[in-house]
Amino acid sequence: MHLVPTQEEVVALLRKTGGLRDGHFEDPDGRHVSEYLQVALSMRHYDVAKILSVGLSRQVRAHSDLRAIIPELSVVAPATGGLPVAYGVSEALRARQVYWAERQNQNEPLRFRQYLDIQPGEKVLLVDDIFRTGHRMAELKQLVESQGGEVVAMAVVVYQPAPNARSFGDLPFYYLARLDETYRDPGSCEQCRRGVPVEKVWA
Ligand SMILES: [Zn+2]
């Protein structure tokens, strides 16, 4: 295993630990896919979590501007799925602190816990397990900035961009593997045509 695991090493690790599964799946939008990615299943295992988060931290550290501000860096996750990654990256970097945003209810905006106050000019690294549409990351970035923080980079384990994925311009963006998923309507799905039973997935 390389210090920063390669795309092939990451994919093999995800497959071995159930984070990447082959099959015939239907996502909540009704589209069919032949692979299902759920990095949290792989992050159950401490050794895997360690390899992935240390790899990601090395990418961040390789950027000289970011390396210089690590002692004051806050590592912030947009949801609980990003937490093991955020803690692993923070530990490897020896960053200042880790926290996360959440929603009280599905249709409410992201927020931080009460009394969690961002310092003016606080440097923030956004971290998550998967990047798909980037909508949640965009909302988190806006939340951090609205409270006076400065988002300096973004890091995720797997980049699986949806067709409508958000762009964050020049913001440094790190990922260990890129997986492009081919979404199909049930009408044009090869596995449906062959009568392979479909499994619904939550997210
Ligand atoms: Zn199908």
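Structure above, values below:
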item	result
Test: Val98 is within 18 Å of the chain's Cα centre (by Cα), surrounded by 13 or more Cβ atoms within 10 Å (Cβ to Cβ) and in a helix (DSSP H, G or I)	no
Pick from region 9-47, criterion among the aliphatic types (A, V, I, L, M) and out of contact with any Ser or Thr (no Cβ under 9 Å at 6 or more places or on another chain), ranking: surrounded by the fewest Cβ atoms within 10 Å (Cβ to Cβ)	Ala12
Tally of residues being within 16 Å of the ligand (Cβ to nearest atom) and either under 17 Å from Ala177 (Cβ atoms) or out of contact with any helix residue (DSSP H, G or I) (no Cβ under 6 Å at 6 or more places or on another chain) (or both) across region 29-51	7
Residue tally, condition within 26 Å of Gln38 (Cα to Cα) and surrounded by fewer than 20 Cβ atoms within 10 Å (Cβ to Cβ), over region 120-131	0
Region 8-26, residues that are within 15 Å of the ligand (Cβ to nearest atom), under 28 Å from Tyr46 (Cα atoms) and touching a residue at least 60 places away in the same chain (Cβ under 8 Å)	Gly23, Phe25
Residue list for region 5-55, filter: part of a loop (DSSP other than H, G, I, E, B) and modelled with pLDDT under 95	Asp27, Pro28, Asp29, Gly30, Arg31
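For every residue, the table says whether it meets (1) surrounded by fewer than 18 Cβ atoms within 10 Å (Cβ to Cβ); (2) touching a helix residue (DSSP H, G or I) at 6+ places or on another chain (Cβ under 8 Å); (3) under 25 Å from Val10 (Cα atoms); (4) without any contact (Cβ under 8 Å) to a residue 24 or more places away in the chain.
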position: Glu139; (1), (2), (3), (4): yes, no, no, no
position: Gln142; (1), (2), (3), (4): yes, no, no, yes
position: Ala153; (1), (2), (3), (4): no, yes, yes, no
position: Val158; (1), (2), (3), (4): no, yes, yes, no
position: Ala162; (1), (2), (3), (4): yes, no, yes, no
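The values are calculated or read from the model by the stated rules, or taken from the named source; none is laboratory data. Bear in mind the structure is a predicted one, so any value in this text is a computation, not a measurement. Positions of Cβ are backbone-derived with ideal geometry, glycine not excepted, and every protein chain shown enters the neighbour counts.
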